[in-house]
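Heads up, the thing below is written out as structure tokens.
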Amino acid sequence: MLAANRQIIDLVVHLCNTCLGGVIMPTSNPRINIVCEQRLYYEISNIAKAERTSLSAVVLSLIREALELREDQALASIADKRAKTFERSSALKFEQVFDE
């Protein structure tokens, strides 16, 4: 009996669970573990409390925002390079593009 209980406990420990509205739900999403400074943890914790959400949800949101900003910066860099070589005389007119 003890061996069976130990196997169940081991299984539960190894399952990744997310708590959503008081309901524990298994999830198969990949995990990232991070170590951060105390001040950063405190700030993330304050945001989570203010938004009444989990630390994971706050960090995921911040990561998404950071990735979007990086993408915006990369696209802005491409646009700047293209703007430097743009010649209005060789650009297509509206009617040529939209066949009107």
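The values are calculated or read from the model by the stated rules, or taken from the named source; none is laboratory data. Since this is a predicted model, take the numbers as computed values, not measurements. We place every Cβ from the backbone using ideal geometry, glycine too, and count neighbours over all the protein chains shown.
With respect to (1) surrounded by 10 or more Cβ atoms within 10 Å (Cβ to Cβ); (2) aliphatic (A, V, I, L, M); (3) at pLDDT 85 or above, the lone exception for residue 20 is condition (3).
Close contacts from the stretch 28-52, counting a first residue that is assigned to a loop (DSSP other than H, G, I, E, B) and a second that is of a type in the set (A, V, I, L, M), with Cβ to Cβ under 8 Å and a gap of 6+ residues or different chains, come to 34/59; 36/44. If the condition is being hydrophobic (A, V, I, L, M, F, W, C) and either outside any helix (DSSP H, G or I) or surrounded by 11 or more Cβ atoms within 10 Å (Cβ to Cβ) (or both), then the stretch 53-78 contributes 55, 57, 58, 59, 60, 62, 63.
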